[in-house]
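Notes for the one structure printed next.
Throughout, read-outs are computed from the coordinates displayed, never taken from laboratory work. Keep in mind that this is a model prediction, so the values were computed, not measured. Here Cβ is always computed from backbone atoms with ideal geometry, including for glycine, and neighbour counts include all displayed protein chains.
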Amino acid sequence: MTDASPLPTGARQDTTLGILCLCAGIGLFAVQDLILKLISGSYPLSEAMVLRGLTAMPLLALLAARDGGLRTLFTPAVWAMILRGGVMFMAYAAYYLALPALPIATTVALYFSAPLFITVLSYFWLKEQVGWRRWGAVALGFAGVVIMLRPGASIFDWAALMVLGSGLSYGFAMILARRLGQTETAPAMAFWGNFVFLVVALGMAAAFGDGHMATNSHPTLGFLFRGWAWPEPVHLALMCGCGVIAAVGLTLLTQAYRIADSNAVAPFEYSYMLWGVLWGWLFFAEWPDALAWLGILVIMAAGLLVLWREKVRELPPAFERVSVDPSEG
């Protein structure tokens, strides 16, 4: 699950290594999605997020210390970074809560509506110029979303709407990142984003952790309201491992955009789709049907068209990340 905006740039000279770093980072965040879906039937989201946040916090602090020093965490923009962290929490919480109810490939495909929302928000909020070709790509992408949602069909699940809400929230967070990225470092934004995740997850644990609202009426509701349980050692390691994934994945993705041109590496963000299909097939016997494949391909084509048009206009692409967490997966 996958932040976008200009990064502090160094020498952009190794496209191959940049692509490899990005694909490795994307692969790590795909593993996080798999972990969360696997544990979603036994533990609540708040428990997984607290353990992940506690593990990631010191690692992200070390990254901040390495990238400009700890002083980068305490700038005049700290409250703006915390606000952005709140928006990111809404984006990822909605994405994670949808995972138990939907095939991974469907969840990932719908999440990739984010660059379409970024284009729309860039026009209405940042007053960026958007030509007819990019508007056409946005329209094509949303047509793919409708194909994936299949409104009115018996297989429609309302959790799919949460993924769209996630994409919209993520798009809003990326617009904030475009502004913050001019003065703030990627690790600083990731640190405060993780801080917000941890605080809100602790609040969720206080509200629902005793299990008094637990329900099995829907997988999403079960993941949200289930009571805390002492995790088995393997599950504990997996949930804490998500924190390591967040820190290492952030490093890889940041490095990718620092050493290679963003327009060269950004299309490889779509390798996430391949992981979604693979995990669904290997672990959950999920395989997209013909209509789902059509929706996936249409959304991918629309996203790549948006990236291509931004390359032509020499603008930072919608997927250029400041930090990542599908999580920050």
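Can you give me the pair-distance distribution of the range 39-198, C-alpha pairs, 10 Å bins, whole percents?
Calculated P(r), rounded to whole percents: 10, 32, 32, 20, 5, 0.
Checking a compactness column here: for the range 133-182, what do you get for Rg(Cα) / (2.2 N^0.38 Å), N being the number of residues? All intermediate terms of the calculation are to be shown ahead of the outcome.
Numbers: Rg = 14.1 Å, N = 50, 2.2 N^0.38 = 9.7 Å.
Working it through for the range 133-182, the quotient is 1.45.
Given just the C-alpha atoms of the chain, how large is their convex hull per residue in cubic angstrom? If you can, show how the numbers build up before the last one.
Details: hull volume 41.8 nm³, N = 329.
About 127 Å³ per residue, rounded to a whole number.
Treating only the Cβ of Lys, Arg, Asp and Glu as charged (+1, +1, -1, -1), what charge dipole size does the chain show about its Cα centre? Round to the nearest 20 debye. Mind showing how you got there, number by number?
Values: 18 positive and 19 negative charges, 139 e Å.
My answer is approximately 660 debye.
Given the options P100, M162, L278, identify the residue whose Cα lies farthest towards the positive end of the charge dipole of the chain (+1 on Cβ of Lys, Arg; -1 on Cβ of Asp, Glu).
About the Cα centre, the residue reaching furthest to the positive side is M162.
Average projected area of the Cα convex hull of the range 219-287, in nm²? Don't skip to the answer; put the middle values down first.
Numbers: hull surface 27.5 nm².
The Cα convex hull of the range 219-287, projected and averaged over all directions, gives 6.9 nm².
Taking each pair of distinct Cα atoms in the range 24-131 once, what is the resulting Kirkwood hydrodynamic radius in Å? Could the numbers behind the result be given before it?
Values: mean 1/r = 0.0604 Å⁻¹.
By the Kirkwood definition, the hydrodynamic radius is 16.5 Å.
Note down the Stokes-Einstein diffusion coefficient of the range 163-211 in µm²/s, whole number, using a Kirkwood radius over alpha carbon pairs, 20 °C, and 1.002 mPa s. Intermediate values should be presented prior to the final figure.
Values: Rh = 12.6 Å.
The Stokes-Einstein estimate is 170 µm²/s.
Tell me, what HN-Hα J-couplings in whole Hz come from the Karplus equation 6.51 cos²θ - 1.76 cosθ + 1.60 at θ = phi - 60° for each residue of the range 172-178, using x for Gly and Pro?
Taking θ as phi minus 60°, the curve returns 5, 5, 5, 5, 4, 5, 4 Hz for the range 172-178.
Over the range 103-187, consider all pairs of different Cα atoms and compute the Kirkwood hydrodynamic radius from their mean reciprocal separation; express it in Å, one decimal.
On the way: mean 1/r = 0.0714 Å⁻¹.
Over the range 103-187, the inverse of the mean reciprocal pair distance is 14.0 Å.
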